[in-house]
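One structure below.
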Amino acid sequence: KPPLPPGAKVCIVEGNPKDSSQFTMRILLPANYIIPVHTHPVDERVTVIMGLVNLGFGDKVDSTLAKKLVAGCFYLNPSGVKHFLYTGNNTAVIQISTTGPWGINMVDDPKKEK
C-alpha cells in the first residue's frame, strides 16, 4: 500500500508495484484531497478514470501551477520530478500503469530522517 495521506483507497488491478515488472493500480481520491509535493523512482503513467484532478509541478503546492485534468486525460510524471495533485470539490479515480519498482517519496515528509 503506498504511503498516501489518509483517505485514499488503493486497488492493485494487476502485477506488483514492488517488483521490477509491469503493474496497474487504481486510486480513489476523496473530495478536497491533496497529495503533497512528491517524486517517484520510475516514470509514472496516469489516466484519470473518474472526476477531475489538478496536477502541478514544482517545489510547493500552488494552484496557479496546476492544470485541471478530467476523466479520460492521460499524463506522465517523469521519475524524480517534483509534482503534486489535488481533487478540489469532487471525488476522483486515477489509474497508474507503469513498471516497478514503484514508490512515492514525499518531499517534505516529517517522518523522513534528515
Compute the projected area of the convex hull of the Cα atoms of region 44-114, averaged over all viewing directions, and report it in nm² to one decimal place.
5.5
Among Val13, Gly103, Met50, which residue has its Cα furthest toward the positive end of the charge dipole of the chain, with +1 on Lys/Arg Cβ and -1 on Asp/Glu Cβ?
Met50
Give me the percent of the accessible area of region 1-104 that comes from carbon and sulfur atoms, probe 1.4 Å, all protein chains in place.
57
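Counting other Cβ atoms within 10 Å of each Cβ, which trypsin sites (Lys or Arg not before Pro) in region 1-33 have at most 11 and sit in a DSSP loop?
Lys18
Relative contact order for the chain: what percent, with Cα pairs under 8 Å and sequence separation of 6 or more?
The normalised contact order for the chain reaches 37 percent.
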So for each of 58-70, 30-42 I average, over its residues, the number of other beta carbons within 10 Å; can you give me the resulting order with the highest mean first?
30-42, 58-70
Which loop-located chymotrypsin sites (Phe, Trp or Tyr not before Pro) does region 46-114 contain, where loop means any DSSP state but H, G, I, E or B and the Cβ has at most 12 other Cβ atoms within 10 Å?
none
Per residue, how many Å² of accessible area does region 13-96 show with a 1.4 Å probe?
49
Stretched fully, the stretch from Ile104 through Lys67 gains (0.36 nm per residue minus C-alpha distance, one decimal, in nm) 11.2 nm
Please give the Cα centre distance for region 65-93 versus region 14-60, rounded to the nearest Å.
8
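The values are calculated or read from the model by the stated rules, or taken from the named source; none is laboratory data. Note that the structure is predicted; figures quoted are calculated from it, not measured. FYI the Cβ positions are ideal-geometry reconstructions off the backbone, even for glycines, and counts take in every protein chain you see. Quick note on the areas: whole protein, heavy atoms, side chains included, nothing else; ligands and nucleic acids left out. Shrake-Rupley method; radii C 1.70, N 1.55, O 1.52, S 1.80 Å.
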